[in-house]
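> Quick one: the structure is below, and I'll ask about it shortly.
Values in this text are rule-based calculations from the coordinates and carry no lab data. Just so we're clear, the structure is a prediction, and the values are computed from it rather than from any experiment. Cβ sites come from the backbone with ideal geometry, for glycine too, and all protein chains shown count toward neighbours.
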Amino acid sequence: MAPPLTTSPWAVVSPFTRRRGRELAHCLAGLPLAVLSPLVLLVLATDLVWLAGGSGRRNPSPADIAIGTAGVGLLLVVLVSTGAARKVGSWQRGLASRLLGVRVAAPLPMRRRLDPRDPAGWRVVAYLLAKLPIGLFGLYAAYFWAGGLVNLSYPLLWGAFRNHPPGVRLSPMPVYTPFGLFGEGTFRVATLPGTFAAVAAGAAMLLAAPWVTRAVTSADAWLIRSLLGPGRLAQRVHDLELSRALAVDDSAALLRRLERDLHDGAQIRLATVAMHLGLARTKLGDSGEVADATAARELVDLALRGAKDALGDLRGLVRGIHPPVLDNGLADALASLAADSAIPVELAADLPVRPTPAIETIAYFCAAELLANAAKHSFADRIVVRAAEHRDVLLVSVTDDGTGGADPARGTGLAGLTQRVAVVDGALRIDSPPGGPTAVTVELPLRA
């Protein structure tokens, strides 16, 4: 995949890098879409109607324009209804992803097989309408590259093709500039020294070409993000539906985990305690005489140890639901996690506004999972945990100096954390290049 768009001064002195080539390729590849612009289609349809009429008029009449407009409108409705417009948008998103590194999520699926009111399809039509001026500027950017290269070649062309007998006068060669090809009597070269002026103009155009190309691709990328994605309202509704489903699944999973832990842990231990106490009562006898005092004492000891183990299991379950240390606030809870960490942890917590209990619980378990991941996978020597409030958003970051390469797809628990924070409309940002360091930031609203 191509890297995302970035602005770098290196573009001034390196106009021929691969990134510049990809941006130029994107400008040229987008020209066919500019031809599909509704304005272009309207002009073509009107001309076809006028030619089909054969009336000999020099200009189309209002009736010809009306018929052409109706034809283009019908064509657009068909494109939107059948989903063909969506395919055009998908092709453009794929092109932007491969060449510019701009990744835009696909819109939500069509509700019906034929839907003339499909919002995503009409947004593609709006993109095609705006693509016409973008395409023209993309052609202008390509002109910068081509004109600059031609100007640079003039000294070589002069020596190769301008060999002629003395006294023969040749037509001067035009020089390409950002304002187009000048006409007769303007900037032209007729001598070998004059070709070096063309070289200067060509070098200037090539140095400006990356910036012109970047301006065009940046504008196109903004249009792609704004019009070819799922749409803000639709995406918001989809995110809310997904968050609700995640919340339901998380609650169901929590209940199943509690049932399993109670059944496999505390319930079995308590059943064992009851069995040991029953056996001890048998050893004590029913007549008041102790039949086997030593065996009865051992059974009571086993029952006591089992009761303590069951109590420990129940306390662990309680901590898994709501850690008691959170009663004193998230800062103290994070300090407890830092103290128990196998790797030295530096903690900085600045929380003037206390989040709601649900948010504190999610932040606590996220920090605990991230610290556990760092201890297991990072080979780090030091971890930094920061918790702060910024514009009604709780930010909890865990940074280590380990080997990096954390990937949610590799089963390190990051995918589960992403789902957990998404339940309350939060976000998880991961920055973990190979070789480290790894920085994971949890963003949560202060109130859920």
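> What distance in nm separates the simple spin-label points at V393 and Q267, each placed 7 Å from Cα in the Cβ direction?
Roughly 4.4 nm, to one decimal.
> Determine the distance separating the Cα centre of the range 92-106 from the Cα centre of the range 343-359; give it in Å without decimals.
38
> Mind checking the full-extension length gain between A84 and K376? Use 0.36 nm per residue of separation minus the Cα-Cα distance, one decimal, nm.
100.2 nm
> If I take R0 = 30 Å and measure r between the Cβ atoms of R386 and A215 in this structure, what FRET efficiency does the formula 1/(1 + (r/R0)^6) give, to the nearest 0.05?
So the FRET efficiency works out to roughly 0.20.
> To continue, here is another question. Gain in length, A208 to D340, computed as 0.36 nm per residue apart minus the alpha-carbon separation, to one decimal in nm?
Using 0.36 nm per residue and subtracting the Cα-Cα distance, I get 41.8 nm.
> Restricting attention to the range 323-423, which chymotrypsin sites (Phe, Trp or Tyr not before Pro) occupy a DSSP loop and are surrounded by at most 11 other Cβ atoms within 10 Å?
Qualifying residues, ordered by number: none.
> Please order S218, S37 by the number of other Cβ within 10 Å, starting at the fewest.
Fewest-to-most ranking of S218, S37: S218, S37.
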